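To keep things clear, I will list the structure first and then write my remarks on it.
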Amino acid sequence: LCVPAVPVLFKQALENTGVEEGKSVCLRCELTKADATVVWKKGEATLQASAKYEMKQKGPVAELVIHNAEPEDA
């Protein structure tokens, strides 16, 4: 018996968030599957963990922290 995979959906999608230039901001989303792989992108570019971008995932909740936010991070 072949059972199709259930797609991963957002239980809680990202919300627009404002932050002062130079501060840190945390973007958070919740998924329907705890073991889903999350890839953060800006346009077509995949973001990589660095001093600027911090990625966290605990269960179904994924977070992206942007340190020292700049207008280009919009």
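Given GLU15, GLU21, which one is touching a helix residue (DSSP H, G or I) at 6+ places or on another chain (Cβ under 8 Å), in a loop (DSSP other than H, G, I, E, B) and on the phi < 0 side of the Ramachandran plot? Quick ask: steps written out before the conclusion?
Values: GLU15 fails: touching a helix residue (DSSP H, G or I) at 6+ places or on another chain (Cβ under 8 Å).
Answer to the check: GLU21.
Could you please find all residues in region 38-59 being more than 19 Å from GLU15 (Cα to Cα) and either in a loop (DSSP other than H, G, I, E, B) or of a type in the set (Phe, Trp, Tyr) (or both)?
Correct list: GLU44, GLN48, ALA49, SER50, ALA51, LYS52, GLY59.
Does region 64-74 hold any residues that are open to solvent by less than 80 Å² (accessible area, probe 1.4 Å) and more than 19 Å from LEU9 (Cα to Cα), and which are they?
The answer is VAL65, ILE66, HIS67, ALA69, ASP73.
With among the polar types (S, T, N, Q) and more than 18 Å from HIS67 (Cβ to Cβ) as the only criterion, which of GLN12, GLN48 stands out?
Values: GLN48 fails: more than 18 Å from HIS67 (Cβ to Cβ).
Unique residue meeting the criteria: GLN12.
Look through region 1-32, keep the residues that are under 18 Å from GLU72 (Cα atoms) and among the polar types (S, T, N, Q), and return whichever of them is surrounded by the most Cβ atoms within 10 Å (Cβ to Cβ).
So the residue we want is SER24.
Report, by residue number, each residue of region 36-63 that is closer than 14 Å to CYS26 by Cβ and open to solvent by 90 Å² or more (accessible area, probe 1.4 Å).
Of everything in region 36-63, those that are closer than 14 Å to CYS26 by Cβ and open to solvent by 90 Å² or more (accessible area, probe 1.4 Å) turn out to be LYS56, LYS58.
So ASP35 ticks every box in (1) part of a loop (DSSP other than H, G, I, E, B); (2) within 21 Å of ALA74 (Cα to Cα) but one. Which box is left unticked?
Going through (1) part of a loop (DSSP other than H, G, I, E, B); (2) within 21 Å of ALA74 (Cα to Cα) one by one, ASP35 breaks only (2).
The values are calculated or read from the model by the stated rules, or taken from the named source; none is laboratory data. As the structure is a prediction and not an experimental result, all values here were calculated from the model. Positions of Cβ are generated from backbone atoms using ideal geometry, with glycine treated the same way; all protein chains shown enter the neighbour counts. Just so you know, the surface numbers come from the protein's heavy atoms only, side chains and all, with ligands and any DNA or RNA stripped out. Shrake-Rupley method; radii C 1.70, N 1.55, O 1.52, S 1.80 Å.
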